[in-house]
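The values are calculated or read from the model by the stated rules, or taken from the named source; none is laboratory data. Quantities reported herein were computed from a predicted structural model and do not represent experimental measurements. Counting neighbours? That spans all protein chains shown, and the Cβs are built from the backbone with ideal geometry, glycine included. Side chains included, ligands, DNA and RNA excluded: accessible areas come from the protein's heavy atoms. Shrake-Rupley method; radii C 1.70, N 1.55, O 1.52, S 1.80 Å.
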Amino acid sequence: MSDDNLKSISKISTKPLRIAVLVSGSGSNLQVLIDAMQAGALPIEIVGVISNREDAYAITRAKDAGIPVAVLSHVASGKRMGIKTFETHASAQLTAWQPDLIVLAGFMRVLSGAFIDNTPAPMINLHPALLPAYKGLDTHQRAIQAGERLHGSSIHVVTAELDAGAVLTQALLQVNQKDTAESLQARVQKLEHQLLPWTILLIVKGVITLSSQASNHQSAYLPTLPFKLFFEN
Ligand code: GRF
(Lines give C-alpha, C1' and ligand atoms only; values in the text may rest on other atoms or scores of the structure.)
Protein backbone atom coordinates (compact mmCIF):
# COMPACT_ATOMS: atom_id res chain seq x y z
CA MET A 1 0.00 0.00 0.00
CA SER A 2 1.61 3.27 -1.02
CA ASP A 3 1.67 6.43 1.07
CA ASP A 4 -0.47 8.12 -1.58
CA ASN A 5 -3.21 5.55 -1.06
CA LEU A 6 -3.08 5.98 2.67
CA LYS A 7 -3.25 9.72 2.44
CA SER A 8 -6.02 9.81 -0.12
CA ILE A 9 -8.50 8.39 2.34
CA SER A 10 -8.45 11.48 4.50
CA LYS A 11 -8.98 13.74 1.50
CA ILE A 12 -12.40 12.34 0.64
CA SER A 13 -14.90 15.16 0.72
CA THR A 14 -17.94 15.27 -1.51
CA LYS A 15 -17.36 12.07 -3.44
CA PRO A 16 -18.67 8.89 -1.77
CA LEU A 17 -16.04 6.60 -0.30
CA ARG A 18 -15.59 3.62 -2.61
CA ILE A 19 -15.68 0.46 -0.53
CA ALA A 20 -14.92 -3.17 -1.45
CA VAL A 21 -16.13 -5.80 1.02
CA LEU A 22 -14.69 -9.29 1.50
CA VAL A 23 -17.07 -11.86 3.00
CA SER A 24 -17.40 -15.57 3.77
CA GLY A 25 -20.77 -15.91 5.47
CA SER A 26 -24.15 -14.41 6.23
CA GLY A 27 -23.18 -10.84 5.43
CA SER A 28 -25.31 -9.11 8.03
CA ASN A 29 -22.64 -6.42 8.34
CA LEU A 30 -22.55 -6.04 4.57
CA GLN A 31 -26.34 -5.59 4.70
CA VAL A 32 -25.98 -2.76 7.20
CA LEU A 33 -23.63 -0.98 4.78
CA ILE A 34 -25.95 -1.63 1.84
CA ASP A 35 -28.90 -0.22 3.80
CA ALA A 36 -26.91 2.84 4.89
CA MET A 37 -25.73 3.44 1.31
CA GLN A 38 -29.23 3.09 -0.13
CA ALA A 39 -30.74 5.34 2.54
CA GLY A 40 -28.07 7.97 1.91
CA ALA A 41 -27.11 7.69 5.58
CA LEU A 42 -23.44 7.06 4.78
CA PRO A 43 -21.53 8.71 1.90
CA ILE A 44 -20.28 5.40 0.52
CA GLU A 45 -20.46 3.41 -2.68
CA ILE A 46 -19.98 -0.35 -2.35
CA VAL A 47 -18.09 -1.01 -5.57
CA GLY A 48 -17.83 -4.77 -5.21
CA VAL A 49 -18.01 -7.79 -2.95
CA ILE A 50 -15.60 -10.74 -2.97
CA SER A 51 -16.69 -14.02 -1.39
CA ASN A 52 -14.44 -17.03 -0.87
CA ARG A 53 -17.49 -19.26 -0.40
CA GLU A 54 -20.09 -19.86 -3.07
CA ASP A 55 -22.77 -20.64 -0.47
CA ALA A 56 -22.33 -17.36 1.45
CA TYR A 57 -25.68 -15.59 1.89
CA ALA A 58 -23.76 -12.33 1.58
CA ILE A 59 -23.65 -13.00 -2.19
CA THR A 60 -27.45 -12.87 -2.39
CA ARG A 61 -27.50 -9.66 -0.39
CA ALA A 62 -24.99 -8.03 -2.74
CA LYS A 63 -26.70 -9.25 -5.91
CA ASP A 64 -30.11 -8.06 -4.65
CA ALA A 65 -28.57 -4.62 -4.24
CA GLY A 66 -27.06 -4.70 -7.75
CA ILE A 67 -23.49 -4.76 -6.43
CA PRO A 68 -20.85 -6.61 -8.51
CA VAL A 69 -19.79 -9.88 -6.88
CA ALA A 70 -16.71 -12.00 -7.45
CA VAL A 71 -16.98 -15.52 -6.05
CA LEU A 72 -13.49 -16.89 -5.55
CA SER A 73 -14.48 -20.11 -3.93
CA HIS A 74 -11.80 -22.01 -2.10
CA VAL A 75 -13.51 -25.24 -3.18
CA ALA A 76 -13.90 -24.44 -6.86
CA SER A 77 -15.08 -27.58 -8.73
CA GLY A 78 -14.30 -29.71 -5.71
CA LYS A 79 -10.66 -28.69 -5.87
CA ARG A 80 -9.33 -26.37 -3.19
CA MET A 81 -8.14 -23.03 -4.55
CA GLY A 82 -4.85 -22.28 -2.86
CA ILE A 83 -4.45 -18.98 -1.07
CA LYS A 84 -2.00 -17.76 -3.72
CA THR A 85 -4.51 -18.29 -6.52
CA PHE A 86 -7.23 -16.66 -4.46
CA GLU A 87 -5.01 -13.65 -3.80
CA THR A 88 -4.00 -13.29 -7.45
CA HIS A 89 -7.67 -13.12 -8.52
CA ALA A 90 -8.69 -10.96 -5.57
CA SER A 91 -5.86 -8.54 -6.25
CA ALA A 92 -6.83 -8.14 -9.91
CA GLN A 93 -10.48 -7.63 -8.96
CA LEU A 94 -9.69 -5.03 -6.31
CA THR A 95 -7.41 -3.15 -8.66
CA ALA A 96 -10.20 -3.07 -11.25
CA TRP A 97 -12.75 -1.76 -8.73
CA GLN A 98 -10.37 0.94 -7.39
CA PRO A 99 -11.72 1.09 -3.84
CA ASP A 100 -10.70 3.76 -1.33
CA LEU A 101 -11.19 1.28 1.51
CA ILE A 102 -11.35 -2.53 1.77
CA VAL A 103 -13.50 -3.98 4.54
CA LEU A 104 -13.15 -7.56 5.77
CA ALA A 105 -16.62 -8.28 7.18
CA GLY A 106 -16.73 -11.89 8.30
CA PHE A 107 -14.00 -12.92 5.88
CA MET A 108 -12.56 -16.20 7.14
CA ARG A 109 -9.37 -16.79 5.14
CA VAL A 110 -5.98 -15.78 6.45
CA LEU A 111 -4.31 -13.49 3.90
CA SER A 112 -0.59 -13.39 3.22
CA GLY A 113 1.64 -10.48 4.18
CA ALA A 114 2.51 -9.92 0.51
CA PHE A 115 -1.17 -9.52 -0.40
CA ILE A 116 -1.89 -7.25 2.56
CA ASP A 117 1.10 -5.01 1.82
CA ASN A 118 0.05 -4.55 -1.79
CA THR A 119 -3.69 -3.93 -1.61
CA PRO A 120 -4.79 -0.89 -3.63
CA ALA A 121 -6.38 0.69 -0.51
CA PRO A 122 -6.19 0.48 3.27
CA MET A 123 -7.88 -2.62 4.68
CA ILE A 124 -9.82 -2.92 7.93
CA ASN A 125 -11.24 -5.99 9.70
CA LEU A 126 -14.15 -6.56 12.05
CA HIS A 127 -13.09 -8.88 14.89
CA PRO A 128 -15.56 -10.19 17.49
CA ALA A 129 -13.50 -9.49 20.63
CA LEU A 130 -11.88 -6.64 22.49
CA LEU A 131 -8.45 -6.78 20.91
CA PRO A 132 -5.68 -7.29 21.80
CA ALA A 133 -7.55 -9.95 23.82
CA TYR A 134 -8.86 -13.02 22.02
CA LYS A 135 -7.26 -12.92 18.61
CA GLY A 136 -8.27 -15.78 16.32
CA LEU A 137 -11.35 -18.02 16.56
CA ASP A 138 -13.98 -18.98 19.18
CA THR A 139 -13.73 -15.60 20.83
CA HIS A 140 -17.11 -15.71 22.61
CA GLN A 141 -16.55 -19.14 24.15
CA ARG A 142 -13.07 -18.18 25.28
CA ALA A 143 -14.28 -14.93 26.84
CA ILE A 144 -16.98 -16.80 28.81
CA GLN A 145 -14.55 -19.49 29.94
CA ALA A 146 -12.15 -16.84 31.20
CA GLY A 147 -14.95 -15.21 33.20
CA GLU A 148 -14.69 -11.89 31.37
CA ARG A 149 -17.09 -9.18 32.56
CA LEU A 150 -16.62 -7.13 29.37
CA HIS A 151 -16.62 -8.35 25.79
CA GLY A 152 -17.33 -6.82 22.40
CA SER A 153 -15.96 -6.19 18.95
CA SER A 154 -13.04 -4.32 17.44
CA ILE A 155 -12.27 -2.78 14.07
CA HIS A 156 -8.60 -2.79 13.29
CA VAL A 157 -6.18 -2.15 10.45
CA VAL A 158 -5.20 -5.38 8.71
CA THR A 159 -1.52 -6.18 8.91
CA ALA A 160 0.44 -9.33 8.16
CA GLU A 161 0.18 -10.46 11.78
CA LEU A 162 -3.28 -11.95 12.46
CA ASP A 163 -5.69 -9.58 14.29
CA ALA A 164 -2.74 -7.47 15.43
CA GLY A 165 -3.03 -4.20 13.48
CA ALA A 166 -3.86 -0.89 15.17
CA VAL A 167 -7.31 -0.96 16.76
CA LEU A 168 -9.45 1.93 15.51
CA THR A 169 -12.74 1.46 17.34
CA GLN A 170 -14.40 -0.90 19.78
CA ALA A 171 -17.95 -1.62 20.92
CA LEU A 172 -18.31 -3.04 24.41
CA LEU A 173 -20.95 -4.90 26.34
CA GLN A 174 -21.28 -6.48 29.76
CA VAL A 175 -21.23 -10.28 29.82
CA ASN A 176 -24.29 -11.63 31.65
CA GLN A 177 -24.07 -14.66 33.90
CA LYS A 178 -26.55 -16.47 31.69
CA ASP A 179 -24.70 -15.71 28.44
CA THR A 180 -23.70 -18.62 26.22
CA ALA A 181 -21.34 -18.39 23.25
CA GLU A 182 -24.43 -18.17 21.02
CA SER A 183 -26.18 -15.42 22.98
CA LEU A 184 -22.94 -13.45 23.22
CA GLN A 185 -22.37 -13.78 19.49
CA ALA A 186 -25.85 -12.42 18.80
CA ARG A 187 -25.36 -9.51 21.19
CA VAL A 188 -21.90 -8.71 19.80
CA GLN A 189 -23.21 -8.81 16.26
CA LYS A 190 -25.89 -6.26 17.16
CA LEU A 191 -23.11 -3.98 18.36
CA GLU A 192 -21.10 -4.55 15.19
CA HIS A 193 -24.03 -3.34 13.13
CA GLN A 194 -23.57 0.02 14.81
CA LEU A 195 -19.80 -0.06 15.10
CA LEU A 196 -19.05 -0.65 11.42
CA PRO A 197 -21.03 2.27 9.90
CA TRP A 198 -19.90 4.52 12.76
CA THR A 199 -16.25 3.68 12.09
CA ILE A 200 -16.60 4.24 8.36
CA LEU A 201 -18.21 7.60 9.05
CA LEU A 202 -15.23 8.54 11.23
CA ILE A 203 -12.93 7.59 8.34
CA VAL A 204 -14.98 9.53 5.79
CA LYS A 205 -14.97 12.59 8.05
CA GLY A 206 -11.22 12.32 8.54
CA VAL A 207 -11.54 11.82 12.31
CA ILE A 208 -9.68 8.57 11.82
CA THR A 209 -6.86 8.93 9.31
CA LEU A 210 -5.46 5.56 8.44
CA SER A 211 -2.08 7.05 7.63
CA SER A 212 -1.36 7.77 11.27
CA GLN A 213 -1.67 4.26 12.59
CA ALA A 214 2.02 3.82 13.23
CA SER A 215 1.86 6.12 16.21
CA ASN A 216 -1.70 5.09 17.12
CA HIS A 217 -2.51 8.76 17.76
CA GLN A 218 -4.78 11.00 15.69
CA SER A 219 -3.41 14.36 16.75
CA ALA A 220 -2.54 16.22 19.88
CA TYR A 221 -6.18 17.30 20.19
CA LEU A 222 -7.95 13.96 19.87
CA PRO A 223 -8.01 11.05 22.29
CA THR A 224 -5.85 8.02 21.67
CA LEU A 225 -7.39 5.24 19.62
CA PRO A 226 -9.44 3.13 19.90
CA PHE A 227 -12.62 5.13 20.09
CA LYS A 228 -15.06 3.18 22.25
CA LEU A 229 -18.78 2.71 22.00
CA PHE A 230 -20.66 1.32 25.00
CA PHE A 231 -24.22 0.08 24.52
CA GLU A 232 -26.50 -1.83 26.83
CA ASN A 233 -28.09 -4.65 24.89
C1 GRF B 1 -18.90 -10.95 12.61
O2 GRF B 1 -19.33 -11.28 13.88
C3 GRF B 1 -17.43 -10.58 12.61
O4 GRF B 1 -17.00 -10.07 13.82
C5 GRF B 1 -16.77 -11.90 12.36
O6 GRF B 1 -17.64 -12.58 11.49
C7 GRF B 1 -18.98 -12.13 11.68
C8 GRF B 1 -19.54 -11.79 10.34
O9 GRF B 1 -20.94 -11.73 10.38
N10 GRF B 1 -15.43 -11.70 11.83
P11 GRF B 1 -21.75 -11.35 9.05
O12 GRF B 1 -21.29 -12.31 7.95
O13 GRF B 1 -21.49 -9.93 8.73
O14 GRF B 1 -23.20 -11.62 9.41
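Structure values in brief
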| read-out | value |
| --- | --- |
| For Asp138, solvent-accessible area (1.4 Å; no DNA, RNA or ligand), Å² | 110 |
| Long-range HN-HN contacts of Leu22 with modeled amide H, under 5 Å | Ile50, Val103, Leu104, Ala105 |
| Placed amide H near Leu229: partners under 5 Å, 5+ positions off or other chain | Gln170, Ala171, Leu172 |
| Label point at Lys205 placed 7 Å out along Cα→Cβ; residues across segment 148-168 whose backbone nitrogen lies under 12 Å | none |
| Computed accessible area, Glu182, all protein chains, 1.4 angstrom probe, square angstrom | 130 |
| Alpha carbon centroid spacing (whole Å) that separates segment 85-142 from segment 146-217 | 14 |
| Too-long pairs where the Cα-Cα distance tops 27 Å, listed order kept, from Lys63/Lys178; Lys63/Lys135; Lys63/Lys190; Lys178/Lys228 | Lys63/Lys178; Lys63/Lys135 |
| Highest to lowest packing among 195-202, 18-25, scored as the average C-beta count within 10 Å | 18-25, 195-202 |
| Accessible area in square angstrom per residue, segment 83-183, 1.4 angstrom probe | 46 |
| Per-residue HN-Hα couplings for segment 93-98 [Karplus 6.51, -1.76, 1.60; θ = phi - 60°; Hz; x = Gly/Pro] | 5, 5, 4, 5, 7, 6 |
| Antiparallel DSSP beta bridges within segment 127-233, percent to nearest 5 | 65 |
